[in-house]
Amino acid sequence: MANVRVTAPSGDAVFYHETANLLADGKPYINPFIYNAGYCSNLGIGKENSDHAYGFLRDHQCSTIDVVQPDGTVKEVAVSVMPGTEMLTAAHPPIWSYLLSVASRLGLDSVNQHRMIGLLIGSFGVVLIGIAGAEIFGRREGVVSAFIAAVYGFLWMNDGSLMSESLVIAFVPVITILAVRWWRRPRWQGALLLGLLSGLGGLLRTELLLYGPALVVAALVLRRVEWRRIGRDLAVVSAICLLVLSPWLVRNMTSFEQPIFLSPTGTLMAQSNCDATYYGEKLGYWERDCGEPEPVGANGEFLDESQRDAIRREWATAYIGDHQLRLLTVAAPARVGRAFNIWDPVQTARYDIYVENRDFRQSMFSLTQYAVIAAFAVIGAVLAWRRHFALGPVLMWPALIAIVSAMSFGNNRYRVSAEPSLIWLASFAFCFLWSVLAEKKRRAESTTTATSATNAS
């Protein structure tokens, strides 16, 4: 973990850290990269360019870019935005940044202090995973779940990364406990809580928003109880979820030139739907260059986030339309394969080095752990299904990750909300097999004792 503490954050981690400090300073939810570093057409947006960007923007030396005009002609323009510009953003759901901003207001505003918040929450998540394991399968399985979670690399690597996954690790067990109780006995009170937490989850990560409604739909399809009761609970979950999300949705729908719901999708779509991710070495992954160049207006004006996102979404939609068969038969399966470390897991771990500053040795150690846990999880799922445990709430997590990955791309960090399910199922398998071996040993000892007694007589 030593290298994690001294490695500078990058990408999303920088966004969360700097946005939290801006919120603590009384700023609105704005783009921290533009506010701190500005934008220059030859440098782009990003903290990593800030030292150069300040100089270029101060001296107005941005190089020109070619912008196609409505009449088809090309015009050379220089696009720049000065540091200090407060440009609203919805680039990431807000809960994690707001939580870190509380720490910043208390004076804990450095990178490592924010990382310590993640470590604290992640440690609490280990305890919650154990409690949830006990709720699902039993006390012994809960203890084993907590132990596995405490040493599992793909969990603790997130805690030092300054990413929102630390909060996800604590969130998933809580909503799963409520879901298991509702699954066993559907009641509108349980549906209300599921809707509340699903709405809050949507302000953290996309698949958390889908969990509650998708679970109720699954119960409706399986017809576990009378369909009218499930239909009522689906309405409750959906309504409460929408109510919780409404302030963020209203803000996004009224603050930008074009509609944005939870967060922009165009950049991700463009970066994951291109030749590099359909045919190249990054098949099933994402490529930053596929979202370049930064879209600008016809006269070189810097567009707002929704307008830039809409243009990138058009790029992606056009590409998907031309490569539908490749997407369905190759790219989407590769994305799911990467998410669950079936498709070239070592290569995915290497990409994590450059994208998320992960240590390769730690990633490989975690990958070995994952292989064992995943194998036991498959066994545990079969055993638990045969014994009629409440598996719907547990299996819903990997199902959602598979869907989200197929629609975007796959990597290890995005699988975090499914990790507790793998741990719970692996713990059940381990405890079951341990019991079987213990029983065989007991019977063998009993037989030996009986044989000795017979011979002695």
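The values are calculated or read from the model by the stated rules, or taken from the named source; none is laboratory data. Quick caveat: nothing in here was measured; it's all calculated off a predicted structure. No Cβ is skipped: glycine too gets one built from the backbone with ideal geometry, and neighbour counts run over all protein chains shown.
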Among (1) over 29 Å from residue 226 (Cβ atoms); (2) surrounded by fewer than 20 Cβ atoms within 10 Å (Cβ to Cβ) - the single one residue 167 does not satisfy: (2)
Residue that is surrounded by the most Cβ atoms within 10 Å (Cβ to Cβ), among those in the stretch 105-143 that are over 22 Å from residue 426 (Cα atoms) and of a type in the set (S, T, N, Q): 113
Residue 158, sole failed condition from (1) without any contact (Cβ under 8 Å) to a residue 60 or more places away in the chain; (2) crowded, with 17+ Cβ neighbours inside 10 Å; (3) not in a loop (DSSP other than H, G, I, E, B): (1)
Complete set of residues in the stretch 269-300 that are within 18 Å of residue 404 (Cα to Cα) and of a type in the set (Ser, Thr, Tyr): 272, 277, 278, 285
Residue under evaluation residue 329, criteria (1) out of contact with any helix residue (DSSP H, G or I) (no Cβ under 8 Å at 6 or more places or on another chain); (2) touching a residue at least 12 places away in the same chain (Cβ under 8 Å); (3) of a type in the set (S, T, N, Q), criterion not met: (2)
Number of the condition not met by residue 383 [criteria: (1) more than 22 Å from the chain's Cα centre (by Cα); (2) within 15 Å of residue 133 (Cα to Cα); (3) modelled with pLDDT of 95 or more; (4) not aromatic (Phe, Trp, Tyr)]: (2)
Candidates 191, 146 - the one that is in the same structural domain as residue 125 (by TED's automatic domain parsing) and more than 22 Å from residue 430 (Cα to Cα): 191
Residue within the stretch 419-438 that is without any contact (Cβ under 8 Å) to a residue 40 or more places away in the chain and among the small types (Gly, Ala, Ser) present: yes
Hey, residue 123 among the small types (Gly, Ala, Ser), in the same structural domain as residue 205 (by TED's automatic domain parsing), touching a Gly at 6+ places or on another chain (Cβ under 8 Å) and in a helix (DSSP H, G or I) or not: no
Residues that are modelled with pLDDT of 95 or more, crowded, with 21+ Cβ neighbours inside 10 Å and small (Gly, Ala, Ser), drawn from the stretch 252-293: 270, 272, 284
Test for residue 366: is it farther than 29 Å from residue 138 by Cβ and touching a helix residue (DSSP H, G or I) at 6+ places or on another chain (Cβ under 9 Å): no
Some residue of the stretch 230-250 being assigned by TED's automatic domain parsing to the domain that holds residue 356, buried (at least 18 other Cβ atoms within 10 Å of the Cβ), at pLDDT below 90 and small (Gly, Ala, Ser): no
